[in-house]
Amino acid sequence: MRDHFEIRDHDAAGRIGRLEVPRAGVTVETPALLPVVNPNVLTIEPRRLAEEFGAEMLITNSYIIRSTDRIRGRVLDQGLHEFLGFDGAIMTDSGSFQLAEYGDIDVTTEEIIEFQREIGSDVATPVDVPTPPDVDRERAERELATTKTALADAEAAETGEMLVNAPVQGSTFPDLREEAGRHASATGLDVFPVGAMVPLLNSYRYAEVVEAVRAAKRGLDPDAPVHLFGAGHPMMLALAVAAGCDLFDSAAYALMARDGRYLTVSGTEHLEDMEYFPCSCPVCADHTPAELRELDGSGEDDTDGTDRSAEELLAEHNLHVTFEELRRVKAAIRSGNLLQLVDRRARGHPAMLDGLRTLLDHADELERTDPVSKDAFFYTSHESARRPEVRRHHDRLSRLAVPDRLLLTESDAPSNHDYDAVWRVKPPFGPFPRALSETYPLTAEVPERVDGAAQVAAAEGVASLAESNPDAELTLGHDDWVPRALDAVPDGVETENLRHLGR
Ligand code: GUN
Ligand code: ZN
């Protein structure tokens, strides 16, 4: 289908989009965070999720509703929207997660899709098999075949205006993920969650999360809406969006709060150990950690007359930081500095740095959707040298014609010389004609003290130019480059150290 999703803006593989959810009569802006609502325990009233946090969509579990006698009849009578008190879009899960936890559930895809339609779900889910990471290939293949059957059963079901998820499985085998993505894309289903990520997310295996997402994306249509099932920690949102995910669902805000954990954009802290709150959300502005600890689950008489426990207040903070980060991610996509935000987040946790490095292994894929022009490129770490903009410049260099005798230099053009032309050299991009100085990305802000990674990337730019112009005579004036950068300059290019020349 896919005509329910419109992409408005790109940065790397991240995008701002609009997901039309016809059964709810709403259009949801992506990237979107769907708070997970446990139908038995409303930690935060769904109405407040919409009004105070800006949630346009939430996710709940139809399998739990179906197997809980106390609420099943009421949800069937009232419909899910009235039962929860939420008039945005509601996605429902199928019991697959319970299947993964307990090994068996008593419902088929046909039955649970029918039940989701009856309770008024806007986006339903078949019973896919969330194959965990690190299993043997035979199991991953066998379970993927079962997931494909579930997708076919969902396609055959009567769904009306309700959208349907087509989960992409394949465990930690990138080729299976890619194939699963291609298969899911070819169904008539609507939204594409990358599944069984929870074990990887819980152990901060972000490099493998990125590998799984990129593999699924290689199989999926570029304009398919992609959900990262079970992901909602604010630390990794920018990374996951840059890898190409559009939807997230967070149970973390409530689960973590239950254990006294406080989410931040650079990790998780324990309320127990905190002396100060680094945040200015309503909860953190009104309380100190000590005050929150004293509530101790007994409930308080808050200034607004409500009676909230420490757990509820922690859950609120957790959700505030998560939505705040999501807005920051969207703003970064608009300005074109999403990868800079990911770089900042990568400094908060080594596992995030692995995630960023893995994402940059796929710079060629990111380059395909990266805008040709945006806000200035900032060089903020040596990972910046591997950004898609650098790669694109190198590709472009191989198509530029050069004069016979060309000086490439990091300093100003010498006042008298007998070269046919003098080009600038700017790490990490490398050489370019002076006329391009004011065009993106060559307007980059680069530190005075360039690092070796930027010099190596610039040398690769020189190599790209030399390779496509074998007859040109190239001279490189460099500012004391490190040996491994000079090693990357082809033998045929003459080099001069500007420091030694005193320029
Ligand atoms: N929730 C978290 N992971 C999954 C998954 O792989 N499939 C389904 N259906 N729900 C999930
Ligand atoms: Zn806060």
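For the stretch 54-166, a/c is not less than 1.5, where a ≥ b ≥ c are the root eigenvalues of the C-alpha gyration tensor, and a/b tops b/c. That puts it in the prolate class. Show that you can apply the helix-only estimate: for the chain, add -39,500 (n - 2.57) for every DSSP H stretch of four or more residues, divide by all residues, and state [θ] at 222 nm to the nearest 500. Per the formula, -12000 deg cm²/dmol. Other residues within the sphere of radius under 12 Å centred on the Cβ of ALA140, judged by their own Cβ, net out at -3 (K and R +1, D and E -1). Using a probe of 1.4 Å on the protein chains alone, the accessible area found for THR147 is around 0 Å². Taking every protein chain into account, the accessible area of the chain amounts to 42 square angstrom per residue (probe 1.4 Å). The angle between the Cα long axis of helix 452-468 and the longest principal axis of the Cα atoms of the chain comes to about 70 degrees, rounded to the nearest 10. Approximating the spin labels as points 7 Å out from Cα along Cα→Cβ, the ASP307-to-ASP259 distance works out to 3.0 nm.
Taking a quarter of the surface of the Cα convex hull of the stretch 319-467 gives a mean projected area of 10.1 nm².
Computed with a 1.4 Å probe on the full set of protein chains, the accessible area for ARG345 sits at about 20 Å².
Using the Cβ-Cβ distance between GLU138 and SER381 with R0 set to 45 Å, the FRET efficiency works out to roughly 0.65. Extension gain, ALA156 to ALA285: 0.36 nm times the residue separation minus the Cα-Cα distance gives 41.3 nm. A simple spin-label model places pseudo-atoms 7 Å from Cα toward Cβ; at LEU436 and ARG334 they are separated by 3.1 nm. Take the Cα of ARG48, step 7 Å toward its Cβ, do the same at ASP404, and the gap between the two points is 7.9 nm.
Looking at the stretch 238-300, the GluC sites (Glu not before Pro) that sit in a DSSP loop and have at most 13 other Cβ atoms within 10 Å of their own Cβ are GLU275. Cysteines in the chain that lack a partner Cβ within the 4.7 Å cut-off: CYS245, CYS281.
Take the alpha-carbon centre of the stretch 102-180, take the same for the stretch 398-472, and report the distance between them in whole Å. Between the Cα centre of the stretch 102-180 and that of the stretch 398-472, the gap is 52 Å.
Computed with a 1.4 Å probe over protein heavy atoms only, the accessible area of ILE64 comes to about 50 Å². Annotation: for a label point projected 7 angstrom from Cα along Cα→Cβ of ASN202, residues of the stretch 114-150 with backbone N closer than 16 Å are 130-135. Expressed in Å, the radius of gyration and Dmax of the Cα atoms of the chain are 26.2, 89.
The values are calculated or read from the model by the stated rules, or taken from the named source; none is laboratory data. All values derive from a computational prediction rather than experimental measurement. Glycine also receives a Cβ, built like all others from the backbone with ideal geometry; neighbour counts cover every protein chain displayed. What goes into the accessible areas is simple: the full protein's heavy atoms, side chains included, and nothing from ligands, DNA or RNA. Shrake-Rupley method; radii C 1.70, N 1.55, O 1.52, S 1.80 Å.
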